[in-house]
Amino acid sequence: MLRAIFVLLVVFCSLLVIAQTMPPQADKQLARDIYKEFVEIQSGFTTGSTTPVAEAAAARLRAAGFPDSDIFVGGAIPKKANLVVRYHGTGHRKPLLLLAHIDVVEARREDWSVDPFQLTEKDGFFYGRGTGDDKAQAAVWIANLIRYKREGFKPDRDIIVALTADEEGGGPYNGVDWLLKNHRELIDAELALNEGGWGESDGSRKISNDLQVSEKYVVNFRFEVRNKGGHSSIPVPDNAIYHLAGALEKLSHFGFPLKTNEVTAAYFQQMSKIETGPVTVDLAKAAGGSEEFMQRVAAAKPAWNATLRTTCVATLLEGGHAMNALPQLAAANVNCRVLPEDSVDYVHDELKKLVADDQVSIQVVGDPSKGPASPMRPDVLDAVTRITGKLWPGVPVVPTMVMGATDGKALRIAGTPTYGIQGFFMDRNDIRFHGRDERMSVESFFEGQTFLYELVKALSQSAIRADCR
Ligand SMILES: [Zn+2]
């Protein structure tokens with residue numbers, strides 16, 4: 001009898017898993033409608049406005065019964081509004097913030113094979129600007145919030161959704177910056193979920209579900225040599241261009257120390273299970289911190305090298321003022337991508353030691369802000385791993401540190417740990433963010449909707465239900 005019940009339970013649970021891969025039809029339709037509405041509003045970073053997107057979301061929420069007092073629409077200028085909505089929980093824990101940006105990179109009709117500002121469903125894909133970056137997540141946050149309300153879900157913390165302006169170009173109207181400075185209380189949270197981590201597939205097979213935990217930060221240095229110059233017919237060894245060239249030659253052979261941190265060690269550990277061939281051993285040993293194996297991994301792929309160390313590279317040159325004069329100025333910009341645990345001063349000191357030429361001045365350009373890593377919170381990692389395993393058995397979760405930057409950086413600086421997670425799977429060899437014919441697979445969109453629905457629920461219920469795990 002017990003055995004029969006067990007078998008029944010297994011059957012029931014596996015049926016449930018299949019059912020849970022896709023949301024109910026009405027919720028799929030709602031998410032698709034909101035997605036279409038968002039994509040078809042031209043919110044291009046320079047020519048468009050995010051305000052109609054924020055207002056469209058507000059109208060959807062009001063229609064679903066959210067009171068005006070829980071909805072905020074506002075921003076730095078009238079064209080760059082943000083939306084913030086609060087779904088009240090028991091207040092047992094500090095809120096969870098769900099973030100997505102609603103501006104998009106510009107797109108011109110003549111560059112695309114379809115209209116970038118129409119949501120076109122074709123051959124199993126949704127086409128349109130923002131279908132991947134980042135209107136899918138924005139639409140899903142709103143649709144899922146409406147679903148929680150309809151289902152009467154009572155979270156143990158407030159769930160806040162913020163749809164924000166101007167992530168793409170940064171600049172003075174960035175919504176996260178503006179909210180932090182002007183309405184901090186609206187988005188104050190214990191942790192946040194954002195873009196920056198998605199599922200990787202090879203077109204047919206799902207490879208990994210990426211969880212972005214931290215970002216490198218950018219520091220530019222100006223290498224500059226000044227010299228009294230003179231006539232080029234009487235050269236002397238003390239030449240500004242030669243001093244600069246010597247410094248850059250040293251830089252070209254230099255590498256910062258190889259190291260792993262909590263996030264990158266976990267990344268290499270997971271990669272050792274995903275890759276095939278002899279490199280898997282190198283990856284596992286590099287994850288354990290072996291100098292020899294970190295070197296092998298760094299040599300195998302530029303992206304792995306950049307994951308294992310701070311990097312600095314010359315990107316711009318200027319110098320000289322006449323063909324027949326000894327140069328009075330030679331300068332270069334050196335662009336560094338710094339690991340979260342390395343300081344600006346440390347990088348500056350290492351570069352000065354390396355160059356070791358008092359004719360070459362090395363100065364930090366601007367006022368770089370360091371973005372701390374989010375801690376690898378076990379609750380986040382556990383929930384992501386559990387739900388990934390339930391929806392896509394055998395697909396590993398890979399924690400990542402990205403080289404680029406998202407709005408997550410501003411939140412991390414403000415003290416809110418932020419995790420890039422979407423569960424939307426993309427072909428890793430055909431990522432079209434910012435490019436022509438941007439698209440998202442129809443199946444991935446709805447699977448991501450389910451994934452995020454489950455994940456937010458798991459992170460806003462103190463007691464995780466033990467059945468069917
Ligand atoms: Zn984006």
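The values are calculated or read from the model by the stated rules, or taken from the named source; none is laboratory data. All of these numbers come straight from a predicted model, not from anything done at the bench. Positions of Cβ are backbone-derived with ideal geometry, glycine not excepted, and every protein chain shown enters the neighbour counts. Accessible surface areas use protein heavy atoms only, side chains included; no ligands, DNA or RNA. Shrake-Rupley method; radii C 1.70, N 1.55, O 1.52, S 1.80 Å.
So for the pair residue 405, residue 367, with labels modelled 7 Å out along Cα→Cβ, what separation do we get in nm?
Here the answer is 1.4 nm between the modelled labels.
Rounded to the nearest 0.05, what FRET efficiency is calculated for residue 382 and residue 114 with R0 set to 35 Å and r the Cβ-Cβ distance?
Computed FRET efficiency for residue 382 and residue 114: 0.30.
Relative contact order of region 192-315, please, whole-number percent, based on alpha carbon pairs below 8 angstrom and at least 6 residues apart.
18 percent
What is the local net charge at residue 76, summed over the other residues whose Cβ is closer than 13 Å to its Cβ (Lys, Arg +1; Asp, Glu -1)?
Working: positive: 79, 80, 181; negative: 103, 166, 177.
Taking every Cβ under 13 Å from that of residue 76, the sum is 0.
All other residues with a Cβ under 14 Å from the Cβ of residue 226 taken together, and with Lys, Arg as +1 and Asp, Glu as -1, what is their net charge?
-3
Could you compute how much accessible surface residue 304 exposes when probed at 1.4 Å, giving the result in Å² to the nearest 10?
That residue has around 10 Å² of solvent-accessible surface.
Calculate, in nm to one decimal, what residue 427 and residue 273 gain on full extension: separation in residues at 0.36 nm each, minus their alpha carbon distance.
Contour length minus Cα-Cα distance gives 53.5 nm.
With Cβ to Cβ distances under 15 Å as the rule, what net charge do the other residues near residue 107 carry (K, R +1; D, E -1)? Write out the running numbers ahead of the final one.
Details: positive: 108, 109, 129, 135, 432, 436, 439; negative: 40, 103, 106, 110, 111, 115, 133, 134, 168, 437, 438.
Combined, the nearby Lys, Arg, Asp and Glu give -4.
Counting DSSP beta bridges with both partners in region 61-184, what percentage is antiparallel, nearest 5?
Counting only bridges with both partners in region 61-184, antiparallel ones make up about 65 percent.
Would you mind telling me the antiparallel percentage of the DSSP bridges in the chain, rounded to 5?
Looking only at bridges with both residues in the chain, the antiparallel portion is about 65 percent.
Given a 1.4 Å probe and heavy atoms of the protein chains only, how would you sort 431, 362, largest accessible area at the top?
Largest accessible area first, the residues go 431, 362.
Just need the relative contact order of the chain here, percent rounded to a whole number, with Cα pairs under 8 Å and 6+ apart.
22 percent
Note down the relative contact order for region 312-437 as a percent, whole number, built from C-alpha pairs under 8 angstrom at least six residues apart.
That works out to 16 percent.
Could you order 142, 413 by accessible surface area, starting with the largest, using a probe radius of 1.4 Å?
Final ranking, largest accessible area leading: 413, 142.
Using the Cα centre of region 388-469 as origin and beta-carbon charges of +1 (Lys, Arg) and -1 (Asp, Glu), tell me which of 394, 444, 461 is placed farthest towards the positive end of the dipole.
Final value for the positive-end residue is 461.
Nearest 0.05, what FRET efficiency do residue 318 and residue 90 give at R0 = 35 Å with Cβ-Cβ as r?
Taking R0 as 35 Å, the efficiency between residue 318 and residue 90 is 0.05.
Residue 259 to residue 442: extension gain in nm, 0.36 nm per residue of separation minus the Cα-Cα distance?
So the extension gain works out to 61.9 nm.
Hey, if you put +1 on the Cβ of every Lys and Arg and -1 on every Asp and Glu Cβ in the chain, which of 417, 339, 169 ends up farthest toward the positive end of that dipole?
Of the options given, the answer is 417.
Figure the gain on full extension for residue 349 and residue 300 (residue separation times 0.36 nm, minus the Cα-Cα span) and round it to one decimal in nm.
Numbers: separation 49, 0.36 × 49 = 17.64 nm, distance 2.84 nm.
Here the segment from residue 349 to residue 300 would lengthen by 14.8 nm.
Residue 462 to residue 249: FRET efficiency via 1/(1 + (r/R0)^6), r the Cβ-Cβ distance, R0 51 Å, to the nearest 0.05? Walk me through the numbers before you get to the answer.
Working: r = 59 Å, r/R0 = 1.15.
Computed FRET efficiency for residue 462 and residue 249: 0.30.
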